Ligand code: DGL
């Protein structure tokens, strides 16, 4: 017979891993999780009512991230992965000590992987992540000899979320964003936003073959695997079906994500306190 402690630990092992992003960007992390940790169950949340995050202030991001983590804890997740560079750059440090939950961000794993690949490192990111300097700091902490150039790319998240990846306009703005990095003859390009791997076919048209692409998604999932082992939290049972939830329109998210998931997900709508407040008629929300 199992004692109470063994039962609690088994229940924890079977709990889901929470993954969140502003939208479909976190699916690049989810895909990696399916590859590296196929027996884990996942709760995916996209804060689509409030995207893009990348042009918002630190105070806003912090507020959103706290709301998401509180909700995820209520859903019983055993770990949270910020599948969002903007949140990792602007909120991870603050919330880590506020929640009794392992919380992982993408920037440090991405920085560690980038210095393994090259020394002249370009980072494409949201304006907020680029302005925070989080990648430069993290990369230089790991390798002080590296050279780092960061570019904010405000148009990328909207074109991905509007499913305009293959339009000529996207190629045109991508050329513009990459020009300064090519001028500096980078040898490595970091996807400093989880949405950007969805743009791989466009970026590959512009980048010389010699430039290596670094996707932090691969490395944050490897870090999550290590952390699960360390805490004895790996699931040993068959996984549950992934639960998808969004703060915006579930149908729109389902339609957009089918191309990356290979199937149409069932998506729930979640009412986080601030989103609900904004969506209520004025007399009810006051
Ligand atoms: N995908 C997120 C990131 O990695 C957020 C993008 C956005 O909403 O601007 O930064």
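What follows draws every value from the coordinates through simple rules; no lab data is involved. It should be emphasised that the depicted structure is a prediction, and the values quoted were computed from it without experimental measurement. Virtual Cβ from ideal backbone geometry, glycine too; neighbours counted across all protein chains shown.
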Here the gain from full extension of residue 93 to residue 172, 0.36 nm per residue of separation minus their alpha-carbon distance, amounts to 24.9 nm
Roughly how many whole Å is it from the C-alpha centroid of the range 138-215 to that of the range 113-135? 10 Å
For helix 168-183, what angle does its Cα long axis make with the longest principal axis of the chain, in degrees from 0 to 90 and rounded to 10? 70 degrees
P(r) weight above 20 Å for the range 162-286, C-alpha pairs, percent: 66 percent
What is the calculated FRET efficiency for residue 70 to residue 259, with r their C-beta to C-beta distance and R₀ = 35 Å, to the nearest 0.05? 0.65
Listed residues 122, 232, 23; largest mean-square fluctuation, Gaussian network over the chain with Cα springs below 10 Å, found at 232
Least to most buried among 22, 41, by other C-beta atoms within 10 Å and fewest first, runs 41, 22
Over all directions, average the projected area of the Cα convex hull of the range 1-76 and note it in nm². 6.4 nm²
Hey, fewest Cβ within 10 Å first, where do 106, 218 land in order? 218, 106
Relative contact order %, the range 30-138, counting alpha carbon pairs below 8 Å whose residues are six or more apart: 27 percent
With a cut-off of 8 Å between alpha carbons and a minimum separation of six or more residues, what is the relative contact order of the chain in percent? 26 percent
Rounded to 10°, Cα long-axis angle of helix 58-74 versus longest principal axis of the chain: 30 degrees
Please identify, among 70, 17, 61, the residue showing maximal mean-square fluctuation in a Gaussian network model of the chain using a 10 angstrom Cα cutoff. 70
Between 0 and 90 degrees, rounded to the nearest ten: what's the tilt of helix 4-14 against the longest Cα principal axis of the chain? 40 degrees
Gap in Å between the Cα centre of the range 1-80 and the Cα centre of the range 223-258? 7 Å
Computed on alpha carbon atoms, what radius of gyration and Dmax characterise the range 139-215, expressed in Å? 12.8, 39
Give the Rg/Rh ratio for the chain, taking Rg as the radius of gyration of the Cα atoms and Rh as the Kirkwood radius, to two decimals. 0.97
Determine, for 79, 2, 73, the number of other Cβ atoms within 10 Å of each Cβ, and report the residues in order from fewest to most. 2, 73, 79
